[in-house]
1. Please specify each residue of segment 135-153 satisfying the condition of being in a helix (DSSP H, G or I) and buried (at least 17 other Cβ atoms within 10 Å of the Cβ).
2. Which one is nearest to Lys43 (Cα to Cα), of the residues in segment 154-182 that are aliphatic (A, V, I, L, M) and exposed (fewer than 15 other Cβ atoms within 10 Å of the Cβ)?
3. Would you mind finding the one in Ile38, Ile26, Ile63 that is at pLDDT 75 or above, part of a strand (DSSP E or B), among the aliphatic types (A, V, I, L, M) and under 26 Å from Asn158 (Cβ atoms)?
4. In segment 125-134, what count of residues is obtained for those that are surrounded by 14 or more Cβ atoms within 10 Å (Cβ to Cβ) and free of Cβ contacts under 8 Å to residues at least 60 places away in the same chain?
5. For segment 128-152, which positions are within 17 Å of Thr28 (Cβ to Cβ), of a type outside the set (A, V, I, L, M, F, W, C) and under 18 Å from the mean Cα position of the chain (by Cα)?
6. Return the pairs, sorted by first residue and then second, in which the second residue is assigned to a helix (DSSP H, G or I), the first residue lies in segment 166-181 and is closer than 20 Å to Tyr22 by Cα, the beta carbons are less than 9 Å apart, and the residues are 6+ apart or on different chains.
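The values are calculated or read from the model by the stated rules, or taken from the named source; none is laboratory data. Model, not experiment: these values are computed from the prediction. Here the Cβ positions follow ideal geometry from the backbone for every residue, glycine too, while neighbour counts run over all protein chains shown.
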Amino acid sequence: MIYKTHKQYRLPGYDYSASGDYFITICTLNRINYFGEITGKEKDAIRLLSPIGEIAKEFILKIPVTYPMATLGEWEIMPNHVHLIISIEETMDKKEQEIQFQVTRKIPKREKGLSPLLPGSVSSMINHYKGDVKKWCNKNEFSHFVWQSRFHDHIIRNNVSYNRISNYIANNVYNWDGDSLK
């Protein structure tokens with residue numbers, strides 16, 4: 001059987017439900033400005049959210065409610081993309097971790113195709129977030145809204161990187177004119 005080859009978007013072998021900090025960027029399809037606009041330039045720039053942008057904000061704030069092991073770091077909604085830092089805290093005790101490890105070892109690794117979403121993983125959180133926003137749009141006469149099919153992630157490995165990324169997100173509105181995702 002011939003399998004369609006897919007570009008690997010996640011770090012192979014990495015457990016995206018593991019405790020740690022993750023920098024996520026989610027774009028709209030074709031980078032259409034569904035979420036609003038930025039008025040002014042540089043230090044005078046102001047983000048104005050559309051109704052879709054407001055609901056995207058509302059659902060970002062619900063992530064830690066839906067996923068108690070997750071906390072939000074810096075986040076921002078730009079006209080055509082969303083940046084956020086999600087921190088996952090260790091929630092299982094040692095006995096639960098050992099049981100999960102033994103069960104995971106017995107599941108054969110898939111060589112090709114898509115694997116099921118691991119509950120509590122970054123992919124699961126983003127999948128549900130994107131689905132919730134799209135579902136709201138469909139029910140509220142914004143069915144034209146479409147996400148890009150995947151999302152970008154970066155595993156944040158230290159405090160220097162965390163601070164650099166937080167600063168980037170916090171200042172993203174002011175740098176909109178030079179934004180590579182514009």
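1. Trp136, Cys137
2. Restricting to residues being aliphatic (A, V, I, L, M) and exposed (fewer than 15 other Cβ atoms within 10 Å of the Cβ), the top hit is Ala170.
3. Unique residue meeting the criteria: Ile26.
4. Summing the residues that are surrounded by 14 or more Cβ atoms within 10 Å (Cβ to Cβ) and free of Cβ contacts under 8 Å to residues at least 60 places away in the same chain in segment 125-134 gives 1.
5. Answer for segment 128-152, where residues must be within 17 Å of Thr28 (Cβ to Cβ), of a type outside the set (A, V, I, L, M, F, W, C) and under 18 Å from the mean Cα position of the chain (by Cα): Tyr129, Lys130, Gly131, Asp132, Lys134, Lys135, Gln148, Ser149, Arg150, His152.
6. Tyr168/Asn175; Leu181/Arg31
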